[in-house]
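S.K.: So that we are looking at the same thing, I have put the structure below in structure tokens.
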Amino acid sequence: MKAKSTQLNKWNLAHRFKQVPETIIYSTHSGLSDLDRDSIKVLSWNIAKNNYSSSWSKDFLAIVDRYQPDKIFLQEVRLRADDREIAELAQMGWAFAPNFIDTSNNTYSGILIASKGDRLKSQATTTKHYEPIINTPKVSLFTEYFLANNSKILAVNTHLINFVSLPKFKAQLEEIESILSIHEEAIILAGDFNAWNKSRLRLLYKMATRLNLTPFSFTAEDTKKIKSFLLSPPLDYIFYRGLKQKPNTAKVIDNISSSDHNPLFVELCLNKD
């Protein structure tokens, strides 16, 4: 009976979570302007699907008030299918890319990029491979913005596939690389990369090297605060190209209670060399 019950639960999960067509849900803000070339404040955070909770709202609004991010990369965001506004992001425009919908409550799950800058164009890609049990893919979101003086920046938010073989993990990295390799402007790549072993981390860093992407460096003390499994490498990263890391600005924010991941905050400026 226990085996039959387990099989039934797996069947129910597989039918509860449905893949959605590759699509992007937008919210615009009329007061947006080009991003400042001399200070681009970036926040990246896996919020563990808690954005409808009061504890997350309290954490998030406190972070925004203190750090004033220009770009926000969120992973594991929930969005009810009839919602087109997120109160905590009322002063920013955003693009949301879902990777599945929970049919039990008609709620999307996915990743989001919010920005104070005007969005030029976006695209989303979902993985051809699915994670087991709930049988859903992962998604990456690519959104281009203007900086001052007509230069551009590509913001990329991703959540890499987990609980699958290394070749399937590599396939998602290759899909991301194929898009970034033809982009000549500045890049910020952030997200939850699920790089919890040396093989996954090696593939991630090889891709970054080929694309001339630099990982943001945190202090040894702050690096310990980034989400990991036991003695694994960190899961969350921010990479950049065509930009400079502003000294003494990187921080892992650990005074939060609404997620098992701590937010990463960094500050960049345009590389003028």
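S.K.: If the convex hull of the alpha-carbon atoms of the stretch 20-173 is projected onto planes in all directions, what is the mean projected area in square nanometres?
M.R.: Convex hull of Cα atoms, orientation-averaged projection: 9.8 nm².
S.K.: Let a ≥ b ≥ c be the square roots of the eigenvalues of the Cα gyration tensor of the stretch 143-212; is it rounded (a/c under 1.5), or, if not, prolate (a/b larger than b/c) or oblate?
M.R.: prolate
S.K.: A follow-up question, please. Kirkwood Rh over Cα pairs of the chain into Stokes-Einstein at 4 °C, 1.567 mPa s: D in µm²/s?
M.R.: Estimated diffusion coefficient is 68 µm²/s.
S.K.: Of the accessible area of the chain, with the probe set at 1.4 angstrom, what percent is carbon plus sulfur?
M.R.: So the carbon and sulfur contribution to the accessible surface is 49 percent.
S.K.: A further question follows. Under unit Cβ charges (Lys, Arg +1; Asp, Glu -1), what dipole magnitude, rounded to 20 debye, does the chain have relative to its Cα centre?
M.R.: The calculated dipole for the chain is roughly 960 debye.
S.K.: Sorted from largest down, give the three principal axis spans of the alpha carbons of the stretch 212-267, whole angstrom values.
M.R.: Per principal axis, max minus min of the Cα coordinates gives 33, 22, 19 Å.
S.K.: Further, regarding this structure: For the stretch 89-237, build the convex hull from the C-alpha positions and give me its volume per residue in Å³.
M.R.: 149 Å³
S.K.: Return the loop-located GluC sites (Glu not before Pro) in the stretch 56-113 (DSSP other than H, G, I, E, B) with at most 16 other Cβ atoms within 10 Å of their own Cβ; answer none if there are none.
M.R.: Of the GluC sites (Glu not before Pro), the ones in loops of the stretch 56-113 whose Cβ has at most 16 other Cβ atoms within 10 Å are GLU85.
S.K.: Continuing with this model, one more query. Between Rg and the Kirkwood Rh of the stretch 44-121, both from Cα atoms, what is the Rg to Rh ratio?
M.R.: 0.95
S.K.: Let me ask something additional. Tell me, which longest segment in the chain has none of the trypsin sites (Lys or Arg not before Pro) that fall in DSSP loops with at most 13 further Cβ atoms within 10 Å?
M.R.: 129-223
S.K.: Rolling a 1.4 angstrom probe over the protein heavy atoms, how many square angstrom per residue are accessible across the chain?
M.R.: Heavy-atom accessible area per residue stands at 48 Å².
The values are calculated or read from the model by the stated rules, or taken from the named source; none is laboratory data. Because the structure is predicted, anything quoted here is derived from the model rather than measured. Backbone-built Cβ (ideal geometry, glycine too); neighbour counts: all protein chains shown. Ligands, DNA and RNA are excluded from the accessible area calculation, which covers all protein heavy atoms including side chains. Shrake-Rupley method; radii C 1.70, N 1.55, O 1.52, S 1.80 Å.
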